[in-house]
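One structure is given below, encoded as structure tokens.
The values are calculated or read from the model by the stated rules, or taken from the named source; none is laboratory data. All values derive from a computational prediction rather than experimental measurement. All Cβ positions, glycine included, derive from the backbone under ideal geometry; neighbour counts span all protein chains shown. Please note that ligands, DNA and RNA were not included when accessible areas were found on the heavy atoms of the full protein model with its side chains. Shrake-Rupley method; radii C 1.70, N 1.55, O 1.52, S 1.80 Å.
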Amino acid sequence: MRLRSIQIKHLARVEGEGGLAVRLYASGKVTTQFRITEAPRLFEGFLLGRSFNELPDITARICGICPVAHQLSAAAAVERVCGTAVDCTVDSLRRLLLCAEWLESHALHVILLHAPDFCGVADGLQVGEQDPAALQHGLALKKLGNAIVTRVGGREIHPVNVRVGGFHRLPRRSELAPLIEALQKGLESALAMARWTAGFDYPDFEKDYEFVSLRSPNGYPMISDRLVSSGGLDAGIEDYGRYVKIMQVHYSTALQHIRRDGAPFAVGPLARFNINSDRLSPLARRAAFENGLAAPCRNPFKSILARAVEMVHACETALDLLTRSEDFDLPAAFPVPQNGKGCGAVEAPRGLLLHRYVLDDNGLVREARIFTPTAMNQVTIEEDLKAVVERFGDLPRGRLSRLLEQAVRNYDPCISCATH
């Protein structure tokens with residue numbers, strides 16, 4: 001006998017089309033579904049037969065919020081196939097672009113999508129009515145991220161300057177210099193956002209997770225070829241398929257990822273923080289400490305605080321990259337087509353992103369696989385929904401429904417990225 005059922009057909013304040021269904025039975029059993037209903041977008045199929053040089057421009061169209069992450073993952077995968085090494089200038093500018101994407105994505109999520117849950121209001125405009133300064137800080141950080149992407153990537157949305165091997169054109173130091181003052185102001189806004197989110201009333205909720213992220217030899221992970229987890233995994237990114245099983249369920253147009261033993265895992269800002277908090281920039285480490293965020297943190301609702309701390313890290317890292325930049329004349333290495341398979345990975349705002357390609361002798365794509373954070377987090381989201389019902393099942397229906405939606409928004413799902 002079914003005792004209670006909650007179904008939300010259309011989740012608000014997430015990117016893409018999705019819903020959830022929860023059923024609580026008299027026996028105490030709870031079943032949950034995180035339903036992704038957006039039509040498949042078939043990007044992997046679009047790539048077949050295309051030249052490797054086209055991949056950054058095509059994959060950027062997967063998402064208007066995290067195009068840089070897709071471009072850089074695709075470029076890195078091709079470079080691994082062709083044995084092409086990029087120089088330190090290209091590497092620095094790629095990291096600068098990722099810092100900018102983290103800023104614009106995190107700021108959008110924190111102030112407009114997730115904060116309304118904690119402020120008890122319907123949308124970001126009402127958050128601004130409650131706290132105008134918070135809204136101003138969030139929008140300023142979003143604008144700052146867009147400005148950096150425009151300057152380095154060529155335009156705000158779906159940047160066009162990224163290519164396999166580097167960039168079509170390197171910005172001159174004189175073009176980047178005005179961003180330094182903007183980043184200094186942005187750093188103050190990011191610190192303010194960390195203090196603001198630390199004051200939220202977080203649900204009393206913790207779970208055990210296996211957190212998965214990249215791990216860099218030095219520094220907080222952005223681009224790397226090492227995959228690590230809180231459960232002891234330490235492997236190359238090319239071994240992802242040995243660690244993870246990919247499956248399809250009838251209620252989701254996105255493939256679900258679980259460990260080979262059937263257990264879920266989590267990626268994203270909270271995973272990065274738990275595994276790599278020792279690698280944060282100095283001000284970001286201090287911001288985490290002063291605002292009560294410490295590893296291990298197993299409360300998924302505090303992912304909003306982790307994002308705020310990452311915005312501090314992104315501003316400080318971008319400042320460091322800009323103050324050390326110089327003028328260079330070589331914008332890119334130029335890979336020679338090779339037959340082979342390669343994998344590239346970056347930490348997108350929402351977590352681990354991998355692109356894997358098989359190329360032929362002419363550099364044409366024969367196989368393409370793209371593994372996205374939201375696909376990886378689907379089963380973990382369902383497990384969180386189940387735990388929320390078990391922990392807070394006595395709440396009135398309306399309050400429980402809102403808490404379940406909030407539990408999904410903890411992961412800032414990018415559904416369009418996942419449905420291909």
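A few points about this structure:
- Computed over protein heavy atoms with a 1.4 Å probe, the carbon and sulfur contribution to the accessible area of segment 44-161 reaches 55%.
- Chymotrypsin sites (Phe, Trp or Tyr not before Pro) lying in DSSP loop within segment 29-118, provided at most 12 other Cβ fall within 10 Å: none
- Adding -39500 (n - 2.57) for every DSSP H run of four residues or longer, then dividing by how many residues the chain holds, sets the calculated 222 nm ellipticity at -13500 deg cm²/dmol.
- Using a probe of 1.4 angstrom and keeping all protein chains present, the accessible surface of the chain works out to 39 square angstrom per residue.
- Estimated vicinal HN-Hα couplings, Hz - segment 304-321 in sequence order (Karplus 6.51, -1.76, 1.60; Gly, Pro = x): 5, 5, 4, 5, 4, 5, 5, 5, 4, 4, 5, 5, 5, 5, 4, 4, 4, 5
- Surrounding net charge for ALA235, when Lys and Arg each add one and Asp and Glu each subtract one, Cβ distance under 13 Å: +1
- Protein accessible area in segment 238-314, 1.4 Å probe - carbon and sulfur %: 50 percent
- Under 14 Å, Cβ to Cβ, from HIS137 - net charge with Lys/Arg +1 and Asp/Glu -1: +2
- Amide hydrogen neighbours beyond the local backbone of CYS414, cut-off 5 Å, H modeled: THR374
- For segment 289-420: rounded, prolate or oblate by the Cα gyration tensor [a/c cutoff 1.5]: oblate
- Scanning residues 5 or more positions from GLY236 or on other chains, those with amide H under 5 Å from its amide H are LEU227, with H placed 1.01 Å from N in the peptide plane.
- For the chain, the relative contact order is 25 percent, taking Cα pairs closer than 8 Å that sit 6 or more residues apart in sequence and dividing their mean separation by the residue count.
- Where the Cα pairs of the chain fall when distances are cut into 20 Å bins, in %: 28, 59, 13, 0
- Trypsin sites (Lys or Arg not before Pro) restricted to DSSP loop in segment 28-76 with at most 13 other C-beta within 10 Å: LYS29
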